[in-house]
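Chemist: Please see the structure below; I have some questions.
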Amino acid sequence: MNKKVLAMSLSGVAALVVAGSVFAQMGHMKMMDMRTRAVKHAVVVIHKAEKMAAKKGNYSCCLKHPCDYCMTHMGACHCGMTIMKGMVCSECKGGWDAGDGAIPGINPKHVKAMPRGMSGMKM
């Protein structure tokens, strides 16, 4: 093998090793919170509305870390009940795919997303 080709190959391997260690370290870094004050306030308001709706029986998310989709789009969430029929909102579907489902015995592969606009409705 040509010395020039060998040197280029070794430098390429070294670059990949360095890049891999940098990306591995990045996995341990926390994401920077870049939300504006207005967005942070909106999140607080949404979470308060979810708690109020839950007290009235109109908010029941099926995730360990509840989503905000149904509340922000329909003002109610019944995914905690509709999951028994295998249907949830699109954000909850993503949560189930990511392993965040909170209802025991549900296979994430069988969870389907409801058509848009139906997520807040009782089924």
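Bear in mind that the values in this text are calculations on the coordinates, not laboratory data. These numbers were taken from a predicted model, which means no experiment stands behind them. Ideal geometry is used to build each Cβ from the backbone, glycine not excepted, and the neighbour counts take in all protein chains shown.
Chemist: Please work out which residue is nearest to the chain's Cα centre (by Cα), limiting yourself to the range 64-83 and to residues that are buried (at least 20 other Cβ atoms within 10 Å of the Cβ) and more than 21 Å from A42 (Cα to Cα).
Modeler: That would be C79.
Chemist: To continue, here is another question. Just need a number here: residues in the range 84-97 that are among the charged types (D, E, K, R) and over 18 Å from the mean Cα position of the chain (by Cα).
Modeler: 1
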